[in-house]
Each structure stands twice: as structure tokens, then as C-alpha cells.
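A short worksheet on the structure shown next.
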Amino acid sequence: MLQEAESPYRTLRVTAQPSGFGAEIVGLDLTRPLSKEQLADVKAAWARHAVVAFPDQPLTLDQLEAFTQAIGPFGEDPFIKPMPGHPNVLELRREPDEKATNFGAGWHSDWSFQKTPPAATLLRSEVVPPVGGDTLFADCAAAYEALSPTFREMLSGLRAVHSATCAYGTQGVFARETEKRTMEIIVSSEADKSLTHPLVRTHPVTARKALYVSPVYTVGIEGMTPAESAAILGFLFKHMTEERFVYRHKWRPGMLLMWDNRCTVHFAEGGYDGHLRVMHRTTVAGEEPV
């Protein structure tokens, strides 16, 4: 059940999940440019709740792009072909007869294998199936804070190895896929590269620390053997996606969702075989994790 957020906002109404993780924002028309006060309130609510939904926003692609750029400059979206005429918009489309696994069906933070991963992802529902298709989010800050002081101390200073190889690499899931898929995935040797980020990162706005690993893009821990990495990461993956840290988002048509990749991971559920689902996605550039 949603509850009114404790802190008042000047230009909008924010109702939050009981945990404070996830909220709905009303009182704005995103088809028009926001005032400085409105934009400041949106950013404050996003920083506080990490996942914010804007219901009933009949945005064109141009308007979606304009709102995205009000939040920040576009991020780089590799390995997926963008929409014609809109190089910064991805269409996440799954036709009723598709048999391929639904896109995003694994816990991840978007593009964490980049040197400067996106701060925000924005996703707008164009066609919502009558069943399935929920998006699950895990609160990686709360999950970090729930660890014992001893375990947090052990994680301090560790660097996690991130790579897109398991998904988009030359031997990855999409390279081996045999079922037809409407979305155009670009398999590339670039995806087989890797880099490291702090396993625990500090949010640049809230200063909260959060786990920054995911089963899809984190392939090891720097300086550790595969077995040692697997032991620590396996525990963290299970811990951070426990039900107590998860918000289940249910879509409605014409809803815009914006989430913070710096302190969350998400998972796209299926369950809508036989139905069309169409979403439009943009990202906002972020900073190098610290």
C-alpha cells in the first residue's frame, strides 16, 4: 500500500511504498517542459526513493527524449539497435508469437560494464499486456546496510569485475539464441571486455553506500580466484534480492518509470506469452562509480 511521503514537495505529490523504496509521482504534465522547481522536486524524489513512477503520461518519443535530457545527458546504449530517427531510444517490443526469453530476464544494473554506467533508466509503457510483465527492483543500499559490520568491513576496498560477455559476447546468451526476436541485438567482441568498479559504491547525491554487483554483469572479484569470487558474489546475489529488499512494479498503460542504476538492480518478468508488449527506453549518463 502506498503512503504519503514524509517530506513535502513544493510542486508535486509523492506517495511512497511503506519501505520508502519506490514511489509514485502525480501533479506533473511531462509533455511540457518542467519549471526549475518541478525539476528539483522530481530529482529530490528520485534520489530519495530510487524508483519513481509517473502515471498517465501520454508522451511522444520527442517528449520522452526531452524529459530525459532534463534529467541529464543521454547515456550510451550499446548492443541493441535503436529506433529509426531516435538514436537514443530503444523499443523493447515482444510480439504475441515470440518464443525467445523476454528481454531483461535476469537481475542487473543497466550497463554496469561501462566505465561510466548510466545514472538513470527511463522506461515508458506503450502497450501493456493483460497479464505478467512486472518489473522487480532490489534496494541495494538497504541490502548493504543489512549486512553485519564485519561483512561490510570485508567488502570495503574490493573491486568487482564487470563484463557484458555472458549476455552480448561472442559466446553469450544472445549469440547462442535460436528463437526469433523482434528486438535487434548486436552481438560483439566488445562485450567480451571487462573492467572493475568498487563492489560497494557511494551514491553521489545521498552519500549512501550500496552493493554494486549483479548476476548478469558481475563476473568476478579482482584479485580473487573464481571459487572465492563465486562464494562471496553468490551470497550477495541471494542476499540483495531477498523479498524484504524487493519492490514489484506493476505497469499501467502510458506510465513512465525512472530508476537509479547506482543503488538498484532490476529484473523483468515474463508471463505474457501470446500478448504484445511495447516499451520505450532511454538512459541518462552517469559518473564513474566510487
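Every number in this text was worked out from the coordinates using simple rules, so none of it is lab data. What you are looking at is a predicted structure, and each value in this text was computed from that prediction instead of being measured. Neighbour counts are summed over all protein chains in view; Cβ atoms, including those assigned to glycine, are modelled from backbone coordinates with ideal geometry.
Key figures for this structure:
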{"read-out": "Strands (runs of 3 or more DSSP E) contained in region 146-234 and holding at least 3 residues under 21 Å from TRP107 (Cα atoms), in contact (Cβ under 8 Å) with a residue 60 or more places away in the chain and out of contact with any helix residue (DSSP H, G or I) (no Cβ under 7 Å at 6 or more places or on another chain)", "value": "159-163, 194-198"}
{"read-out": "Residue satisfying condition, being over 22 Å from TRP251 (Cα atoms) and buried (at least 19 other Cβ atoms within 10 Å of the Cβ), within set ALA146, ALA142", "value": "ALA142"}
{"read-out": "Region 54-101, subset in a loop (DSSP other than H, G, I, E, B) and of a type in the set (Gly, Ala, Ser), residue farthest from ARG32 (Cα to Cα)", "value": "ALA100"}
{"read-out": "Where GLY270 falls short, out of the listed (1) more than 24 Å from GLN17 (Cα to Cα); (2) not in a strand (DSSP E or B)", "value": "(1)"}
{"read-out": "Test for ALA175: is it closer than 17 Å to PHE113 by Cβ and surrounded by fewer than 16 Cβ atoms within 10 Å (Cβ to Cβ)", "value": "yes"}
{"read-out": "Selection status of VAL42, β-branched (Val, Ile, Thr), closer than 18 Å to HIS249 by Cβ and surrounded by fewer than 19 Cβ atoms within 10 Å (Cβ to Cβ)", "value": "no"}
{"read-out": "Test: residue in region 75-95 that is farther than 20 Å from GLY254 by Cα, without any contact (Cβ under 8 Å) to a residue 40 or more places away in the chain and among the aliphatic types (A, V, I, L, M)", "value": "no"}
{"read-out": "Test: residue in region 177-194 that is of a type in the set (S, T, N, Q), more than 19 Å from the chain's Cα centre (by Cα) and within 23 Å of VAL290 (Cα to Cα)", "value": "yes"}
{"read-out": "The listed residue being farther than 15 Å from GLN114 by Cβ, among the basic types (Lys, Arg) and surrounded by fewer than 14 Cβ atoms within 10 Å (Cβ to Cβ), out of ARG277, ARG208, ARG181, ARG244", "value": "ARG244"}
{"read-out": "Filtered residue count, region 20-48, keeping only those that are of a type in the set (A, V, I, L, M, F, W, C) and part of a loop (DSSP other than H, G, I, E, B)", "value": "4"}
{"read-out": "Pick from region 47-65, criterion more than 22 Å from GLU126 (Cα to Cα) and of a type in the set (A, V, I, L, M, F, W, C), ranking: surrounded by the fewest Cβ atoms within 10 Å (Cβ to Cβ)", "value": "ALA47"}
{"read-out": "Check on ASP134, crowded, with 23+ Cβ neighbours inside 10 Å, in contact (Cβ under 8 Å) with a residue 40 or more places away in the chain, at negative phi and acidic (Asp, Glu)", "value": "no"}
{"read-out": "Some residue of region 259-275 being within 16 Å of the chain's Cα centre (by Cα) and more than 16 Å from CYS140 (Cβ to Cβ)", "value": "yes"}
